[in-house]
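We did not get these values from a lab; they are worked out from the coordinates using the rules stated. These numbers come from a predicted model, not from an experiment. Here Cβ is always computed from backbone atoms with ideal geometry, including for glycine, and neighbour counts include all displayed protein chains.
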């Protein structure tokens, strides 16, 4: 499946689905090929992935009242067929997380309540920095630099396996 539509889903359902998609994306040969294209000739591989995702795929919100998750493999397949897919925050999170996972980083998705309204309303990927000993935010959907700190009332994590 390349596109997931969740209706009446619990947060556990969402975490499980995002974890599955992230794990499959990390293992995808198409995502690996996309990652190799993104990092070619760049010393800063994390920055290259962040820039590639942010600069290549336009931000496109989901239709009102629907939550869609686009599999990273689907994004890569479309790209190689000449179709640049629009992504929203969770799609960027899945894509950047999978791409960072392809180059060996420990990754997770962070589902955030940034409006302080007791609802998850944003998603980002995070990678673990061994030298710093901490998780670094990667939010290619925002007009902010790599690693920017996002204030949230609550954070729920979806992990790759």
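Observations on the model:
- For the chain, a Gaussian network of Cα nodes joined below 10 Å ranks 118, 137, 30 by mean-square fluctuation, and the top entry is 118.
- The mean sequence separation of alpha-carbon pairs under 8 Å and at least six residues apart, normalised by the residue count of the chain, gives a relative contact order of 26 percent.
- When shorter helices are ignored and each DSSP H run of at least 4 residues is given -39500 (n - 2.57), the per-residue value for the chain at 222 nm works out to -12500 deg cm²/dmol.
- Ranked 127, 79, 59, criterion: other C-beta atoms within 10 Å, fewest first: 59, 79, 127
- GNM on the chain, alpha-carbon springs under 10 angstrom: the most fluctuating residue among 125, 19, 29 is 29.
- Of 97, 133, 25, the one that fluctuates the most in a GNM where the chain has Cα springs shorter than 10 Å: 133
- Spherically averaged projected area of the convex hull of Cα atoms, the stretch 7-159: 8.9 nm².
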